[in-house]
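Data first, discussion second: the structure below is written as structure tokens.
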Amino acid sequence: MTRLLLIGAALAAAAGAGSGVASAQTPAVNAARQAGLVGERYDGYLGMSSAASAAVRSQVGAINIRRRSLYINLAASRGVSAQEVAITAGCQLLQRVAVGEAYMLRDGVWRRRTAGQPAPRPDYCS
């Protein structure tokens, strides 16, 4: 638990320092998110909940490459695995899922957040 808190603090610091890699997106990806075609995954990466254009798939891939790079760098500086950093980032990113957007939890099922539903928060998130 403490380890996740430290990783979360590092992610927050990285985002505050202007990296914004974990949440940086293109207009096409933003539109696909709003349409429920692209969504946040529990593991800190974007995923395709439905078929999307080749351009959107390519942009999602590029965003995930940047996220992975950030996770690897933070993991190396904190002495943890990149997967631990990614899962912690996933906890933070799931909290930002807006109404109507798709998201995936650890069970691998895509869902869409509905009005009045709280942001998804898996039990392993602190």
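The values are calculated or read from the model by the stated rules, or taken from the named source; none is laboratory data. These figures come from a predicted structure and were not determined experimentally. Here the Cβ positions follow ideal geometry from the backbone for every residue, glycine too, while neighbour counts run over all protein chains shown.
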Confirm whether residue 93 is touching a residue at least 24 places away in the same chain (Cβ under 8 Å) and either under 25 Å from residue 123 (Cβ atoms) or not small (Gly, Ala, Ser) (or both). yes
Taking region 97-122 and keeping residues assigned to a loop (DSSP other than H, G, I, E, B), within 14 Å of the chain's Cα centre (by Cα) and under 16 Å from residue 32 (Cβ atoms) leaves 97, 98, 101
Can we say residue 54 is modelled with pLDDT of 95 or more and in contact with a strand residue (DSSP E or B) (Cβ under 6 Å, 6 or more places away or on another chain)? no
Can you tell me which residue within region 24-51, out of those that are in contact (Cβ under 8 Å) with a residue 60 or more places away in the chain and among the hydrophobic types (A, V, I, L, M, F, W, C), is surrounded by the fewest Cβ atoms within 10 Å (Cβ to Cβ)? 37
Within region 66-123, how many residues turn out to be touching an Asp or Glu at 6+ places or on another chain (Cβ under 9 Å), closer than 17 Å to residue 49 by Cβ and hydrophobic (A, V, I, L, M, F, W, C)? 5
So residue 109 clears everything in (1) modelled with pLDDT of 95 or more; (2) β-branched (Val, Ile, Thr); (3) surrounded by 14 or more Cβ atoms within 10 Å (Cβ to Cβ); (4) closer than 21 Å to residue 125 by Cα except one condition, right? Which one? (3)
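Please state which one of 102, 62, 54 is out of contact with any helix residue (DSSP H, G or I) (no Cβ under 7 Å at 6 or more places or on another chain) and touching a residue at least 60 places away in the same chain (Cβ under 8 Å).
102
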